[in-house]
Each structure stands twice: as C-alpha cells, then as structure tokens.
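We did not get these values from a lab; they are worked out from the coordinates using the rules stated. These numbers come from a predicted model, not from an experiment. We place every Cβ from the backbone using ideal geometry, glycine too, and count neighbours over all the protein chains shown.
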Amino acid sequence: MEYEPVIGLEVHAQLLTQSKMFCACSADYAGAPPNTHLCPTCLGMPGALPVINQRAVEFTILTARAFNCEIPEFAKFDRKNYHYPDLMKGYQISQFDLPLSRNGFILIDDAGTIKKIGIRRVHLEEDTAKLFHDGNASRVDVNRSGVPLMEIVSEPEMHSVEEARLYSLKLRQILRYLGVCSGDMEKGAMRFEANISLRARGTTELSATRVEIKNLNSLRAMVHATEFEIARQTKILNAGGTVEQETMGWDEARNSTFTQRSKEEAHDYRYFPEPDLPRLEVSRAWVAEIEARLPELPDAKYDRLMRELGLSSYDAGVITAERDVAEYYDRAVDAGKARGVEAKTIANWVSGELFRLMKERNVEIGAVKIAPAQIPDLIALVNAGTISNNIAKNVFEEMFATGDDAKKIVQAKGLGQISNRAALVAIIEKIIADNPTQVAGYRAGKTALAQWFVGQVMKATRGQANPALVNELVADKLKSL
Amino acid sequence: MELYQLTVHAARELLQTGGITSLDLTRAILERIEKIDPRVHAYLTVIAERALDSARDADARWTEHRRDGSRAPALLGIPMAIKDEICTRGVRTTAGSKILHNFVPPYDATVMEKLNSAGAILIGKTNQDEFAMGSSTENSRYFTTRNPWDLERVPGGSSGGSAAAVAADETLFALGTDTGGSVRQPAGLTNTVGLRPTYGRVSRFGVIAFASSLDQVGPITKDVRDAAIILGAIAGHDPREATSVNVPVPDYVAAMRVGAMHASPLQNIRVGVPREYFIEGMQPGVARAVRDAIHVLESLGATTQEVSLPHTDYALPTYYLIAPAEASANLARYDGVKYGYRAPFDSAQGDTLRDSAQGDTLRDSAQGSNEMWDVMRATRGDGFGAEVKRRIMLGTYALSAGYYDAYYLKAQKVRTLIKQDFDRAFEQVDVIVGPTSPSTAFKIGEKVDDPLQMYLADVFTLAQALAGIPAISIPCGFADNATLSGVEGLPVGLQIMGRAFDEPRVLQVAYAYEHATDWHTRKPQL
C-alpha cells in the first residue's frame, strides 16, 4: 500500500523583546556569561511574581494577524505543570484554552503549486533555562529562563517533508519581516516539534495514533527527523505492524529518533488558569492599532514585484526573501523612476551583482555601502552610453568597496566611454598604418580580421571605446581601403 | 505600664515627644522576648543586634525630626515581627518549612520595603504552620507556638507566631498572611486584632505563595487603630504584582474615627448577621460572646438584621480544592536545585519511588541523571511535612486529567456563588458580623491527627477569602472553658466583614465596638 504522511508542526519562536516575558531582565542573552540575566522572578525564587510583557503580547497579536488568525476578545495565561531542572518554577506559564489567537493560515509555493496550511493557534509562553551536561555534572544557565516564546501550531495539513520545510521557511520569513524573531536557528531562536502519522494515500481520515518528535533545534533537524520517522513508520506498516503513539526525541549524532515517553507515560500537565496574572482583555481598538503596524508581507510584495514591476518569478522571489533586501530594492526603484531607470534592470543588478558581491565578501544587506539610489545612477550612465555594461560591473565593484557614486568613480578613473568619432578614427588609422600584414590579410579576403582590428582599438583605449561605434568605424575604414 | 506593652500609636506619641527612645523600646521588646519566648515560642528568628542598630539610627532620625519639626515616617523606631512567610532581605525566611531552612532572600517583599521606608524596626521572624497550611502552628517544621493565654493550647494558625508575639507583648505589631483565615483565626484565639485586607489591596510580591488567588498580607495588632495605621503603611498598588489593584489608599485612621465623637457612632450603619454563622456544634460560650457583641453594636446605633449566605457550607470543600490546587503548583519550585534544603545523595538512594518515565527522559542527556531525580525526590520527600504533602497530593489530584472538571472547575463555579452570596447581602447591609472561629483555642495535639477537625477551625474564615473581601477579627470577650480553672476563659474573636475595598467601614465598626468595650486591654498572665 502507498502511504501519505500527515505532518503537523509546532514552532517555538523567541521574541525580540527587550525584556523577558514576566520580568524586567534583558532578553538579549546571546553571548552573555551564564547566569547573568536573572532576577528572583525568572529564577523562580520564593514569593517572586510575574508581570506580563505588553510588547510580547503585541508581537504575538501582530504575528497572528500576519498569519490571518482571529484574535479573541479574551485571553488568559495558564500554568503547565511538570518537573524538570531547567524549569525554575516547576511550571511553565503558557496558554491553554484561551490563546491570544486562533484559526489562521499561510500559503506555501511547492514548485508552483500554491498550498494553504492552516494555523491552529499562535500563543505566548516563556522559555526554560538551559542545561549543560559535562561529564557527570549537569549545569543550569538561567539566562534563557523567561524569554518570551511564541508557539505557532499548524494544523496537520502537510503531506511531505518538502511541504513541512517550505512551511517552516515561510514562517521564518514572515517572522523576520515582522521583526519579532531573529529566526536564527543556530542560536535556538526557532525550534520545532513535529507530529507525524501515516495514512493510506487517497484516504482523508487522521490516524488515531501519532508520533510526536520533540526538541528539533533546527530546520535541518526537523527535516531529517521527519524523513527518518516517515521511513520508520512506513517500514512498520509494511511489515503489518501498528505504530504506537509516543513522544520521541531526535538524536542528531545517530541520525535517528528514540522513544522518550510511551502513551501510558504521557505527561498530565494539569493546566489551570495562572492565578498570578489577570485575564487579558484584548480590545478591538488595540488589535486595530497593532494591525496598523503590519508591514507589506512577502506574499504581497512578491505579487506586486511581478505584476506591477514585471519582475521574473525568480527575481521577485530572491528579492522578497528578506524584508531588508526588498525594502532596499523598493528604494532603488523609487529613485530610478526619476532617472527613467527600469525596475527590471535594477532587479538584475540587485539579484546579480549585488547578491554575488554580498555572498563573496560575506556582507549583510544592512552593511552594504551602496545606497539604494546609487544603483539607478549607475544604470543611467550605462543607458546614456557613458560607460559600457562591462565597465559598469567594475564600477559597481568599486562602489561596493567604497560607497562612492558611480559618476565619481568613472571620472576619477577616466572610465568614460570614448564616443568621439574623430578620436577613434585617428586611433584606427594609426593601427591600420602600424599593421600592414593584417591589412594585407584582410584585403586577401580574411574578413574575420575585422574583429582583430576592433580588439586592438579596445586594447588601445583600455576598453573605454564605445564598442558599437568602434565596430562601425573599423568596418567603414577597412572597406574604404 | 511597661514599654513593651505599648501600642504602635502610643509609642509613636512618646517617640515624638522624646519621652522614650526607640533604643529603649527595642531593648524592652528584646528583653521581653528573652524572658517570655522560651515559653511562648513565637519567634523562629530574632535579629537583636541588627534591631538595636536600626533603633539607634531611628533615634538619630527622630532627633532630627524633633529639631526641624518635620514629620517623621509613620513607624519610625517602632519594633515589628514578621511572619516567616514574608521575604526579608538578608534575614532567613523559612515559611516554617525544612525545605527553606537555610533560605536567606536577597530581596524584600514589597510590604517589607514599605515598612522599612516607614521606619519600622524588624525584631524577628515568627513561627507558623509550614507554608501557611494549618490552624495551630503544629505544622511548623520547627516547633509549636503556645497560646499566651494558656501555654497548653495552640495560638491558632497559620500566623500563630505573629499573633502570640503580639498577645504576649513580644512586639508592638506583626504581619501575618491570610489565605483562609490565617490572620483572623489566630487573632481571635489570642485576643488580638487581625485584619485580612481586600484581595489586591496589599502586594503579594515577596510573600511566599501558598494559594495565589487567596493569599493576602494583614496586620496583627493590639488594637484597631494600630491595624488602621499598619494597613495604611502596607497597602497600595505594586507594579511588580499583576493582581494588585490600583485604587487610592484612604486615610484609614481618619475613616476609622468617623462617628467616634457621636453619641451613637454607628448610626446609619446596617449590620448583617448571617444565620449560617451560628451553627450546631459551635462552642456555646463563643456564640454567646458574639451575640453580646452584636447587642453592643446595636447600642452604638447600628441597625442589625439577619442575612443569608446560603453557600457558606460549600466554602470549606471549595477552599480545599482551590487552595491545594494552586499550592501544588506553587510548591513545585522547591526541588533542592536552586536554593534551600537539598537531600544528601545517600538518603536519596534509599528512595524506592522510582519513576521510570522520568528516568528515561534523561537517559541520553547526562550520566548520573537518575541521581539528580533521586535527590530532587528525596529533597521534597524530606523537606516537606505531612500536611504540605497531603495538600500537594489533594491539589494534584484535583487538577488531574479526568478530574479537573469535577473538582477544580466545579470549585471555581461554587466560588462565584459564594462571592454572589456576599454581593447580595451587601445590597442590604454595610457590614456582616459573626464569630471568627467556632471555638476558643484548642489543646496542642487535640486535632493534629484529624485534618478534617483542624480544617473546621477555619470554617468561618474561608468564605471571605474566596470572595476576596476584607474582614477583621477583634476581641469580643472570653468563653468559659471547662478544662480551665481559675481563669475566666479563653479569648473569643468577633469577625466584621465588608465590601471589597471598604476597609474604612470595617475599621469604623471595629473601632466603635472596641471603644465601647475593654476586651482588647486584657492581657494574659505570663
């Protein structure tokens, strides 16, 4: 029988708030020495109490709206009870039955097929501390404890590893667009849990048992674990077995999943309303105010670049991948309008030369020295015939290195194209006079030597001669010999 | 009169005129403790040296204030005792538990910050039932506090140490915490004044949590005026506490004195008497004292009428689902990892309660991880006493999958009904009065093996906590006690309840009654 995987993802995204979820400690702990970002509240000290970080709530509502979610008028926090040494209070403040948002979706583009993936809810909770195990000691770093964590729960609507991958990338893209999460997986800013079951292809019912894989700390781990788990379950089903409901972990080193808890051992988290926090009333006016902060989202941008600016799907895709790049491009296009520079030409330069140099020299868009308006300036020089396209590439490299204007570089280096007929004719006449052998060859019928003469002219002008004009003048001169 | 017998307001007047010094007062209290506390056992910790230093500072500041005529902070130089449930920076805070036997908070509770800035002098930390779970201090992991009126009897609880310290003149005032009566019941049993403020009136930050939706800090004092003064000092919104309410703090002393100069000070006050608060099995002397007190209120101009709080019977089961449920989570943080008691690994190895599921979780993470779980388990097994463990189990059960709806959720619904009982009654009356406790102080050991009997000691103080309304217990007489000879009896408390944030009215009625009687001036023979 052929099986179809059914995959649901829970994505945990650390929010880029200044302070932690329930205390005033700085949430920006990356690189800080262990146990330096802490206070009685995020340490779970006796008598310490939580206070809600309003910015984190707003980030969650903003994100939920970007995912087309409903925002209920009431939300509350709940305690999720379990013991683990990285959980300072013995419970995690999370949201159970009244989350900040529900019922949204995002679109993914799987090789040209657009698919809608449902988002069940986006809610807010707090991160745990971090455990380190060395030899026979376990150590706790509390810096991460209490960092705001947004949990994005999908519907089980992905049916291939590729769909799960595309969904995750899309989430990451939107989170970065919103500026609510760095998406930096190496630093654990985005973490995954996957629910996986199989069903006979063509059927629509969900399997009664599913396997949950926890602690997938990167996209790569999620992809590998999902692949592994689909293969594992396929093998079991093909052998006539049944898949047990269980919670699994992912062993990166051995590239395999392993059982953490069977169904019988499943945790009872004993959720109940957090009595230390009042219920959240989410007024419609507040939601509207937050919504007004939504930037143009990648899908809308992509669409606009293709429809209004005539970009190719490839260019629109790479330019909108990151918000900073897309905004850089938008600013360049705006500047180009006044100079009559086409958006498509700008896109070629951005996705071509700019990306190449950024990658080659490992420069982020924010650190690029070329201002967006300098790109149409350069293109305008090409359009005016002042420099050739090839020279323009050299100028662009110079601009990338120094941030200087194209015009300044062209002038300083004397790169302006030679379009002066008289000057070029003089050069050509000198070359003809200096090379009688080639002239003789040409006359004998080797007309291909015309290109050799063109090459000599370009060489003599260090490539600055207007190539079209040189071609024309060389042809004229040779014919008139 | 001895210095240690002073009330807060009397001491204030003497400090203001320079008639006494804070150092004299503090010394008198410390000497009193030295003499009496070996019999009363009110204090877990006394910080004599630090208190004397603070008293010297206070005297210096008083000298300044007297010189330039500026107003000194309300409690400058006044000694106080603080229940060990409340975090005090640099001073060991155990919550009466072994699991925090060595815990020295690096921060002050908000109420401590307020009292410190009001100039009060911390004398020490008082004994209590472990994590405020109990009605007698017998659940303290250290020792049982004695009732100064009869050392064979309990002082009530859980703030029994604070109440005994006030009753025995071992402090001028004390703070307690009241989750289901833990301020009022011991006040009633020791002839002191105990006030439970409206939920949200006083910050809980730094108060070790028992049941978060019920816990409130309240003063235990020698008279009503002191209760008003201390409430004024500790009340107010706290940005560090999300359930603290941002309503202005009135002048409680002024509010208390409304009508005091009038011939019928309680004219226009409607007093409700709930029929459900005079139940069978109540000690007859208690009922009699409370009835007499109601007559006094009438003689002061109040009109009285019977009211009904029909869900009173459900307060006890409701409380014993909600409070343990919250406690089961609040006490989860005590695992020996971060602070407090940690069981030695040797004793942990003997632990037979292995949980394979949890062991498995850590199989791949750390060597010796089973050791970690064993130590955590042994820490909690050893660090918590029987009553605390009982309530953690009760609460865990009430929140468990399959039982949540029937227990926790049902209890929350009944809690709403109990609140509505009070809402309806307060449409007809301004305050409600009744007994604080169904009996006078019981003998040490009498109820310790019967949790249900112990729970019944709080039967009249649970509903107010569930409803979040303020209530005060004030001395209203003594009840005959057959087991005692040569003593007139044991103290009885009158409970006066008010609408949320209507502490002014509660204090007004309490003060008028106190002014008309002299029960509060009676002192135990020690």
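Go ahead and estimate [θ] at 222 nm for chain A from helices alone: -39,500 (n - 2.57) per DSSP H run with n ≥ 4, summed, over the residue count, rounded to 500.
Computed ellipticity for chain A at 222 nm equals -12000 deg cm²/dmol.
Could you work out, residue by residue across A:268-279, how many beta carbons of other chains sit within 10 Å of that residue's beta carbon, and then give the average as an integer?
6
Please state the relative contact order of chain B as a whole percent: Cα pairs under 8 Å, 6+ residues apart?
Values: 1251 pairs, mean separation 91.6, N = 526.
Across chain B, relative contact order equals 17 percent.
Where Rh is the Kirkwood radius over the Cα pairs of the protein assembly as shown, the temperature 20 °C and the viscosity 1.002 mPa s, what D in µm²/s does Stokes-Einstein return?
It comes out at roughly 64 µm²/s.
Using a 10 Å cut-off on Cβ atoms, rank the peptides B:81-88, B:370-377 from the highest mean neighbour count down.
B:81-88, B:370-377
Please give the peptides B:170-182, A:384-396 ranked by average Cβ packing (other Cβ atoms within 10 Å per residue), highest first, as a rough proxy for protection.
The densest-packed peptide leads the list: B:170-182, A:384-396.
Counting only other chains, and only Cβ atoms inside 10 Å, what mean value do you get across the residues of A:97-110?
Working: counts 0, 0, 0, 0, 0, 0, 0, 0, 0, 0, 0, 0, 0, 0.
Other-chain Cβ atoms within 10 Å of each residue's Cβ, averaged: 0.
Tell me the GluC sites (Glu not before Pro) within segment A:318-369 that lie in a loop according to DSSP and have at most 14 other beta-carbon atoms within 10 Å.
Answer in residue order: A:GLU364.
Where the centre of each part is set by its Cα atoms, how far does segment B:429-474 sit from segment B:219-242, in angstrom?
So the two Cα centres are separated by 21 Å.
What length, rounded to one decimal in nm, is gained on full extension from B:LEU151 through to B:LYS443, with 0.36 nm per residue of separation minus their alpha-carbon distance?
104.2 nm
What is the mean number of Cβ atoms from other protein chains located within 10 Å of the Cβ atom of each residue in peptide A:77-85, rounded to a whole number?
5
Given a Förster distance of 51 Å, report the FRET efficiency between A:LYS116 and A:SER26 from their Cβ-Cβ distance, rounded to the nearest 0.05.
0.85
So how far, in whole Å, is the C-alpha centre of segment A:188-252 from the one of segment A:315-330?
After rounding, the separation between the Cα centres reads 34 Å.
Among A:ALA412, A:GLY463, A:PHE396, whose Cα lies farthest out toward the positive end of the dipole of segment A:380-481, if unit charges sit on the beta carbon of Lys, Arg (+1) and Asp, Glu (-1)?
Value computed over the given set: A:GLY463.
Could you tell me which helices of chain A pass both thresholds, a Cα extent of 15 Å or more along their own axis and a mean Kyte-Doolittle hydropathy of at least -0.5, with helices taken as whole DSSP H runs?
Helices passing the filter in chain A: A:54-66, A:161-178, A:219-238, A:389-402, A:421-434, A:449-460, A:467-479.
Using a ≥ b ≥ c from the Cα gyration tensor of chain B (square roots of the eigenvalues), is it rounded, prolate or oblate, where a/c under 1.5 gives rounded and otherwise the larger of a/b and b/c decides, a/b for prolate?
oblate
So if I place +1 on the C-beta of Lys and Arg and -1 on the C-beta of Asp and Glu, and nothing else carries charge, what would the dipole magnitude of the protein assembly as shown be about its Cα centre? I want it in debye, nearest 20.
Working: 112 positive and 126 negative charges, 537 e Å.
I would put it at about 2580 debye.
Pairs of Cα atoms under 8 Å, at least six residues apart: use those to get the relative contact order of chain A, whole percent. Could the numbers behind the result be given before it?
Details: 849 pairs, mean separation 64.3, N = 481.
In percent, rounded to a whole number, it is 13.
Which order do peptides A:180-187, A:218-225 fall in by mean Cβ count within 10 Å, highest first?
Final packing ranking: A:218-225, A:180-187.
Only counting other Cβ atoms within 10 Å, I'd like A:TRP452, B:TRP62, A:TRP250 sorted with the fewest neighbours first.
Listed from fewest to most nearby Cβ atoms, that is A:TRP452, B:TRP62, A:TRP250.
How big, on average over all directions, is the shadow cast by the Cα convex hull of chain A, in nm²?
Computing the convex hull of the Cα atoms and averaging its projections yields 33.6 nm².
Based on a Kirkwood Rh over C-alpha pairs, give the Stokes-Einstein translational diffusion coefficient of segment A:380-481 at 4 °C and viscosity 1.567 mPa s in µm²/s.
After rounding, the answer is 89 µm²/s.
Fewest to most neighbouring Cβ within 10 Å: what's the order for A:LEU107, A:LEU237?
Taking fewest neighbouring Cβ atoms as first place, the list is A:LEU107, A:LEU237.
Expressed as a rounded percentage, what relative contact order does segment A:421-479 have, with Cα pairs under 8 Å and six or more residues apart?
41
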